[in-house]
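Okay, structure first, notes after.
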Amino acid sequence: MTAGAQPLPPRFLLAMPDDSLAPTTPKGTVLICSTGVAPAVGAGVLIEDAAGQRYVRRLTRMDGPQWTAEARRTGFQALSNAPGMVLRAVVVGRQTGEV
């Protein structure tokens with residue numbers, strides 16, 4: 001993973017910021033993310049743009065340094081390795097249970 005503006009811990013929790021991956025992963029779903037796992041097609045990934053905005057998408061293409069990540073729902077932009085876009089972490093699971 002390429003480092004962004006601020007370092008991320010090796011493993012961390014992240015609330016899904018929007019409904020781009022709904023219905024299977026709606027907004028608010030708590031994701032378990034890792035910076036030590038190599039991204040693979042089909043995996044959820046955390047992407048950060050040059051302004052520090054973060055997105056979670058599903059990796060749909062990975063060819064060396066070239067990648068594309070897409071939403072499941074329409075109305076959410078697909079993202080790629082355009083200048084300023086960085087893959088920060090891979091989603092390795094989700095937290096379950098209620099408080």
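What number, in nm² with one decimal, is the all-direction average of the projected area of the convex hull of the alpha-carbon atoms of region 52-99?
5.0
Pulled fully out, how much extra length does the chain show between Arg54 and Gln95, if you take 0.36 nm times their separation in residues and subtract their Cα-Cα distance?
Net length gain for the segment: 12.8 nm.
If contacts are Cα pairs under 8 angstrom and at least 6 residues apart, what is the relative contact order of the chain in percent?
Here the relative contact order equals 32 percent.
If amide H atoms are built 1.01 Å from N in the plane of the peptide, which residues on other chains or at least 5 residues away come under 5 Å of the amide H of Met16?
Here the answer is Gly28, Thr29, Val30, Leu31, since their amide H atoms fall under 5 Å of that of Met16.
5 Å is the cut-off here: which amide hydrogens, built 1.01 Å from N in the peptide plane, fall below it relative to Thr60, excluding neighbours closer than 5 in sequence?
Long-range HN contacts for Thr60: Gly42, Thr68, Ala69, Glu70.
Just want the answer: with Cβ charges of +1 for Lys and Arg and -1 for Asp and Glu, which residue in Met16, Thr29, Ala78 is farthest toward the dipole's positive end in region 1-88?
Looking along the dipole axis, the top candidate is Thr29.
Read the figures in this text as sums done on the coordinates, not as results from a lab. If you're wondering where the values come from, they're calculated on a predicted model, not measured in any experiment. Heads up, the Cβs are rebuilt from the backbone with ideal geometry, glycines too, and the neighbour counts pull from every protein chain shown.
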